[in-house]
Every structure is written in structure tokens, then in C-alpha cells.
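Just so it is clear, none of the values below were taken in a lab; they were calculated from the coordinates. From a predicted model like this one, the values you see are computed outputs, not experimental measurements. Note that each Cβ is placed from the backbone with ideal geometry, even for glycine, and that neighbours are counted across all protein chains shown.
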Amino acid sequence: MTLTLARKDGTAVAGPAGQALKVRGMTVSYGQTPVVFSVDMDVPEGAMMAIVGPNGAGKSTLLKAMLGIVTPLSGRVEVYGRALKGALPRIAYVPQRASVDWDFPTRVIDVVLMGLSRELGLLRRIRKPHIAQAMDCLARVGMEDFADRQIGQLSGGQQQRVFLARALAQKADLYLLDEPFAGVDAATEAAIIDVLKSLRDTGKTVVAVHHDLSTVPDYFDHVFLINRSRIAQGRVAEVFTSDALSKTYGGRLATAQLGELKLDAG
């Protein structure tokens, strides 16, 4: 991806893409045990990056620390060259489905309208254009026919699609998703990845905690390997190797599983 820069005479010149997200020295501890230790991460603009690692490696904690949902012991975050607080309007976050109270009595359309909170303002006056925007976002994830359904009445995959629609309504530049494919059916997974790739293709940046190693090469172009601290990061073709995965998972990733991935040795 390239950025278009302007010369003094007003003509355009192409320049290299910048960093959508930069994390430096991120350390998070629960009690006396560091869950994430001194992590650095760089996410280029227009990338689709998977955060990959074993259970308990700190993947979700890292994502939450980036957003300030959990308080780190140390570390700083920049989003498009700005401190996190000043860049929050450019970020959309999709949490783990298991962390959401699905018994809360609200309709699907109302959940998506939450993504328009900046446009609605303090008075939250919902007008026809807002409804139209929300319906368009639902259509993009194949859920427009469920707009008046109670969110708790949906299947797990349908609920995940609705939360993605809410993120789309935010019209963000950086999308952070915590295990968006966990517990969903194959059709929902295909629908979600199509939407995420369409965001990437329009210059947006996507970072997702991901657990299925077999789909990383098909779904993502960048990968971040973590086991409490950073193991490797970069383009999938360069760093998603048997050697790097062995360092990330240790004995928890069987040799047979590595063989099935058909990866380079290092």
C-alpha cells in the first residue's frame, strides 16, 4: 500500500505506507505473574494481521491493553502516529463473544446503532439516515432480515455477525477483533473473512486474535506470534514457519500438526 503525499507545488507523489498501530514495551501482570512481557508490535497500514499463540499466551490481554481496557504496568501505544486517547475514534473493537451479556434486552438494530454514537451525539436522536446506515451494515454481514430480533434470540454465529456490523457502523480505520471466528459455523466464518478482506482492500487495517493455524495463510497477510513475549512478526510468507511456530508453541504443537500446515522450516 502507498500513501499519496503532496509536493509544495500541489502535485502528488507516492510514498511508503505508515504504521497503523505501534506498541512499545507492553507489559501486563495479573497479580505477581506477567501475562504479557515487554511486547513490541508494528502493524502497517492496510495489513490484515493475526495474533497467534497458545492458550494463556496473552493474546487477548495484549489486545485489551492496546485499547486501555486493562491497565498495563508499562508500555505505550500509537495509532496512526498519535497517542491512543486522541486516536480512539479511528478504532473499532469486536470483543470475544463469550464476554458479552447476551441476555441484555435489546434488538439487533439497536446494537448496530451503538456504532453510530459519535454521529448521534449526546441527545441520541435517531433519524432515517441513521437507520439506513445501520441496515446497510447489517446487509454487509447478511443480517438485515434480523434487524428487529432480540439479540439473545440469535445463534452464536449470528451474534458475531451483528457485532461486526456494529464495528462497520463506526467507519473506523483500524479494526481490532478478539477471536472473531471462535464458535461460529463455516458460513459465518466465510462471511466474516469476506468483510474483513473487503475492509483491507479499501485501505483499512485489521488485527485479529486467531487460533486456527491452518487458515492463517489464507486469511491474513501478516502474523504476530506471541507466547507472553513476542516470538516473531512480519509477513505470513516470511515468518509463519515451522521453526517460529515451534518456538511459539513448544511441545504443545505436535510435529504432525506442523506437517499438515506444509510450512517452510525456517
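Kindly write out, for region 191-198 in residue order, the coupling ³J(HN,Hα) from the Karplus curve 6.51 cos²θ - 1.76 cosθ + 1.60 (θ = phi - 60°), rounded to whole Hz, with x marking Gly and Pro.
So the Karplus estimates, Gly and Pro as x, are 5, 5, 5, 5, 5, 5, 5, 5 Hz.
Choose one answer from GLY75, GLY142, GLY56: the residue with the largest mean-square fluctuation in a GNM of the chain with alpha-carbon springs under 10 Å.
Answer for the Gaussian network model of the chain: GLY56.
With a Förster radius of 35 Å, plug the Cβ-Cβ distance of LEU84 and ASP110 into 1/(1 + (r/R0)^6) and report the FRET value to the nearest 0.05.
Here the calculated transfer efficiency is 0.80.
Using a Förster distance of 22 angstrom, determine the FRET efficiency expected from the C-beta separation of LYS247 and SER214, and round it to 0.05.
After rounding, the FRET efficiency stands at 0.70.
How high is the FRET efficiency between SER155 and GLU119 when r is their beta carbon distance and R₀ equals 30 Å, given to the nearest 0.05?
0.55
Kindly express, to the nearest 10 degrees and within the range 0 to 90, the angle between helix 128-140's C-alpha long axis and the longest C-alpha principal axis of the chain.
Compared with the principal axis, the helix lies near 40 degrees.
For a label point 7 Å from the Cα of THR202 along Cα→C-beta, name the residues of region 144-187 whose backbone N is under 15 Å from it.
Answer for region 144-187: 164-175.
Dividing the convex hull volume of the alpha carbon atoms of region 125-209 by its residue count, what do you get in Å³ per residue?
Here the figure is 102 Å³ per residue.
Quick one: work out Rg over Rh on the C-alpha atoms of the chain, Rh as Kirkwood radius.
Dividing the radius of gyration by the Kirkwood radius yields 0.98.
I need the phi-derived Karplus couplings for region 148-157: 6.51 cos²θ - 1.76 cosθ + 1.60, θ = phi - 60°, integer Hz, Gly and Pro marked x.
Once rounded to whole Hz, the list reads 9, 7, 5, 4, x, 8, 8, 6, x, x.
Limiting things to C-alpha atoms, what are the Rg and the maximum Cα-Cα separation (Dmax) for region 26-184, in angstroms?
Here Rg and the maximum Cα pair distance are 16.9, 52 Å.
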